[in-house]
Amino acid sequence: GAPGSSDACACPPTQEETPAQRAERLEEAKLQATMEQLEEVRAELADARKRLETAEEERVAVREAERKLFEVSESEVDTLKALELKVTLQQRTVEVLKDPE
């Protein structure tokens, strides 16, 4: 291979590029990089917002569950009291039947 015949240079051809064009190309590259970073940040922000919403929904769900649990336990206490009363009455009835005195 004769020197100068190969065009395997990875760098852009400087002969065709004026300093102004080079500056413009660098600016564009910088701008592109900035835009890409901005997109990444935007994506992270959206992700964080989603996680926050999910966390809030979970908090609401937990509060709702706790409230339901409280209501259920309240009514269960009433039901249990009623059942205890019923059982007590039945036991008394059984005792009365066994021992009519």
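Checked across the range 33-52, the condition of being open to solvent by 100 Å² or more (accessible area, probe 1.4 Å) and not in a helix (DSSP H, G or I) holds for no residue.
Taken over the range 78-101, the residue count meeting the criterion of being open to solvent by less than 100 Å² (accessible area, probe 1.4 Å) and in a loop (DSSP other than H, G, I, E, B) is 1.
The values are calculated or read from the model by the stated rules, or taken from the named source; none is laboratory data. Values in this document were obtained by computation on a predicted structure and should not be read as measured data. We work out accessible area using only protein heavy atoms, side chains counted, and drop any ligands, DNA or RNA first. Shrake-Rupley method; radii C 1.70, N 1.55, O 1.52, S 1.80 Å.
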